[in-house]
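Q: Structure in structure tokens, see below.
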Amino acid sequence: MLLKRSIGKTSYQKICDVFGGQVVAFTEEHLRTHPYSPFSNSSWDDDDIQNTVVFIQNAILQTNPEAVVTGLHSEIIAESLKLSINDHERNVHHHKLTGDPIDPHPTWIDVKKKLPVAANSKGARDLAIKAVDEIRKWTVSFDKTGQFGYIFCSHEKSSEASDQAPLVVYDLEGISDPRLQIIASQLSFLKVAKDLKKIDRRIRKLIIFEELGVLVQGDSDKAG
């Protein structure tokens, strides 16, 4: 059996040591010094794009509780992501021909640049322009100098790859900001999905969620 992905506490450190596993401390300090990016993919399919768009939407709602994210916003973000992926693939092809240096993957900087282009093909022009302005306003904290720029605008290092480890623990202990708790949790889920795609389906996998309560928090007194 392949133990794959446990989101919990570092009590798993001992079993990781036994099985040659990896503990990833998803704290702000660690994410700043060891970037994990939602845009780091060796290849993209429709599920990857959709999952990343959902991640961005949820991050917008965490940082802007007043935001009303509509289908138009989602379509523009998705199209912007696709355009930035296409640009990156062309850069990869050029790199193979010339050896010129390239970024390892797109970031929010690249996606944000494509928002106006994406809006041109989406709905009534006035509504699309308004939607782009709202996305820009809602994602100020995603910018390079923003509060969460170290997640959205950093390039993931190849040394942070975790798809070869037999056991990986994402440790979310030590995060005091509730918004970062949600964003980091969902980012770890993206990493889980990406890594599992690289593993033969015939290999058994086990996923354990110990901090699921982070994702079901609510304003109701009955929530718990």
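The values are calculated or read from the model by the stated rules, or taken from the named source; none is laboratory data. As the structure is a prediction and not an experimental result, all values here were calculated from the model. Counting neighbours? That spans all protein chains shown, and the Cβs are built from the backbone with ideal geometry, glycine included. Accessible surface areas use protein heavy atoms only, side chains included; no ligands, DNA or RNA. Shrake-Rupley method; radii C 1.70, N 1.55, O 1.52, S 1.80 Å.
Q: From the convex hull of the Cα coordinates of region 1-133, what is the mean projected area in square nanometres? Numbers along the way, then the final one.
A: Details: hull surface 46.8 nm².
Projected area, direction-averaged: 11.7 nm².
Q: Now a separate question. Going toward the positive end of the dipole of region 91-199, with +1 on Lys and Arg Cβ and -1 on Asp and Glu Cβ, which of Ser154, Ser185, His93 do you reach last?
A: His93
Q: Further question: Give the share of C-alpha pairs in each 5 angstrom bin for region 37-88, from 0 to the last occupied bin, in whole percents, shortest bins first.
A: Per 5 Å bin, starting at zero, the Cα-Cα P(r) for region 37-88 comes out as 4, 19, 31, 24, 14, 7, 2 percent.
Q: Where the eigenvalues come from the Cα gyration tensor of region 92-134, what are the semi-axes √(5λ) of the equivalent ellipsoid, largest first, in whole Å?
A: Values: eigenvalues 197, 25, 6 Å².
One finds semi-axes of 31, 11, 5 Å for region 92-134.
Q: Please list 3J(HN,Hα) in residue order for region 181-197, calculated via the Karplus relation 6.51 cos²θ - 1.76 cosθ + 1.60 where θ = phi - 60°; whole Hz, with x for glycine and proline.
A: 4, 5, 4, 5, 4, 5, 5, 5, 5, 4, 5, 4, 4, 5, 5, 5, 5
Q: Per residue, how much accessible area does region 48-118 show when a 1.4 Å probe rolls over the protein heavy atoms, in square angstrom?
A: Result: 49 Å² per residue.
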